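Note sheet for the following structure.
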Amino acid sequence: MDITSILIGLLAGIIAGGGIAFLVLNNKSNSKATQIIKEAEQKANQYKKSRELEAKEKFLKLKQDHQKETQQRESTISRKEDDLRKKDQSLSDRIQNQEHKFKEVESIKKNLSQQLEIVNIKKTEIEKAHGNQVKQLEKIAGLTAEEAKKDLVEALVDEAKTDAISKIKLIVEEAKLKANKEAKRMILQTIQRTAAEQAIENTVTVFNIDNDDIKGRIIGREGRNIRALEAATGIEIIVDDTPEAIILSGFDPVRREIARLSLHRLVTDGRIHPARIEEVVQKTKKDVDNEIIEHGERAVIDLGINGLHPELIRIVGRMRYRSSYGQNLLQHSREVANMCAIMAAEFGLDPKMAKRAGLLHDIGKVPDEDAETPHALLGMKWAEKYGESPEVCNAIGAHHDEIEMTNLISPIVQSCDAISGSRPGARREDGEAYIKRLQDLEKLALGFDGVEKAFAIQAGRELRVIVDSDVLQDKQADLLSFDISQKIMKEMIYPGQIKVTVIRERRAVNFAK
């Protein structure tokens, strides 16, 4: 066999072998696929059965839950229906009760209307009987009902007024018993802690000289020296037979002080003539002005007062040369300032402010140009002008009640001013003014009805009034005492207080013959 036929044979064998192999492999793959399909169908049936079981279980569970929920809702609905039935029954019972009560009210109303008709009938009968009784009483008494009512009202008013005065007096006495003890303690403590002088200022100054020969030199030739001195100082110089003394007379203490110092310098120097007199007087005026400022500064420093305006310090210094009823004004103001500080401290107030107001309360007495304005209001204007606080200004203006008091410092200043001015030896009064005040007191009391006599005693500190016992009763005496005291406070000016005593005495006198 040749090679070609061998190759063809091999190729044919290879092809035949490949076909046989393909057929064999194809049969194997079909059987395997069939087996896989069967296994898949079995698994699908198993999965289907398991899902159906799970669905049935869920359905049963949901059915059970729905049944439970339905049962709960049914039980809730039944319970609410029971509650509604109970409420319905309760409302029905209430309605029945209200209807029953309404019937009872209607019955009571009907009874009341019947009773009201009976009352109206009885009222008409009573009014008719009362009218008949009033007519009979008017006929018996000879007075109409209006007249009797008016007399009764007047009698009741008089009785009520008398009782009211008695009660007022009792209340005032009780208040005094409670307040006087504490007030006296504070005032006495204030007075005891204040040392005051009793020096009295006069309108004359005595200038002492070593011998009477100097009098001739002061008078000068034909009196020209003394005339020049009087013209320069405005002071009357009295040279008489009084040994070793020359009297300087004038109402202005500043002028008297200038005249005294000028005379002292002229006598010491020995050169006394009109030109020298004018020169010395002018120099002395400047020195006195400086001395006034020094007095003011010393007073302010001694009292511990700070921040006072320089013009107010000068005014305080001028008070050294002013007097009120013979009492030195600066000494009085310092005394008031110290007492105000003590009393303010006792009351728990500011003692520095009270001391300031006490020192400045009488500065209105120093200026000479505005004599028509009351000194309290003038002093208040000066204090306002120089920047003092409203409390201090009010205390200055209100210490004689010219204006209304707006703070507690004001009554303290007023009280201390009265204490300083009314103490023994502090002031002196003019005899005629003193007698006139006593006469005015008695005249005021005699102006009241039923007063027979009036006597002002104890230097005008007490007023005794004797009344007619046939005109005034005992209860009316209390009212009279109260009215007189009120009128004195309104119409008169006086230091301290005045005691009003009303005396009613009844005497029965018969003669045995």
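Please treat every number below as a calculation from the coordinates, not as lab data. Predicted, not measured: the structure shown is a model, and the values here were computed from it. Glycine also receives a Cβ, built like all others from the backbone with ideal geometry; neighbour counts cover every protein chain displayed.
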Work out how far the C-alpha atoms of the stretch 438-511 reach from end to end along every principal axis, then list the three figures in whole Å, largest first. 47, 21, 17
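Relative to the present Cα-Cα distance, how much length would full extension add between Arg507 and His264 at 0.36 nm per residue of separation?
Working: separation 243, 0.36 × 243 = 87.48 nm, distance 7.13 nm.
So the extension gain works out to 80.4 nm.
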Taking a straight Cα-to-Cα line shorter than 29 Å from Lys61, and setting aside same-chain lysines fewer than 8 residues away, one finds Lys43, Lys48, Lys49, Lys80
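Fully extended, how many nm does the chain gain between Ser389 and Glu311 (0.36 nm per residue separation, minus their Cα-Cα distance)? Walk me through the intermediate numbers first.
Working: separation 78, 0.36 × 78 = 28.08 nm, distance 1.59 nm.
The Ser389-Glu311 span can extend by a further 26.5 nm.
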So what does log10 I(q)/I(0) come out to for the stretch 355-422 at q = 0.16 Å⁻¹, using the Debye formula with one equal point on every Cα and no solvent? -0.45
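Cross-link list Lys443/Lys475; Lys365/Lys436; Lys110/Lys150; Lys123/Lys149; Lys215/Lys365; Lys128/Lys150: which exceed 32 angstrom alpha carbon to alpha carbon?
Values: Lys443/Lys475 23 Å; Lys365/Lys436 24 Å; Lys110/Lys150 44 Å; Lys123/Lys149 23 Å; Lys215/Lys365 36 Å; Lys128/Lys150 23 Å.
Going by Cα-Cα distance, Lys110/Lys150; Lys215/Lys365 fall outside the 32 Å limit.
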Send over the per residue convex hull volume for the stretch 289-395, Cα only, as a whole number of Å³. 98
Hey, rough spin-label estimate for Gln72 and Ser469, points 7 angstrom out along Cα→Cβ, what's it come to in nanometres? 10.9
Which aspartates and glutamates, if any, have their Cα less than 19 Å from the Cα of Lys101, not counting same-chain residues under 8 positions apart? Asp93
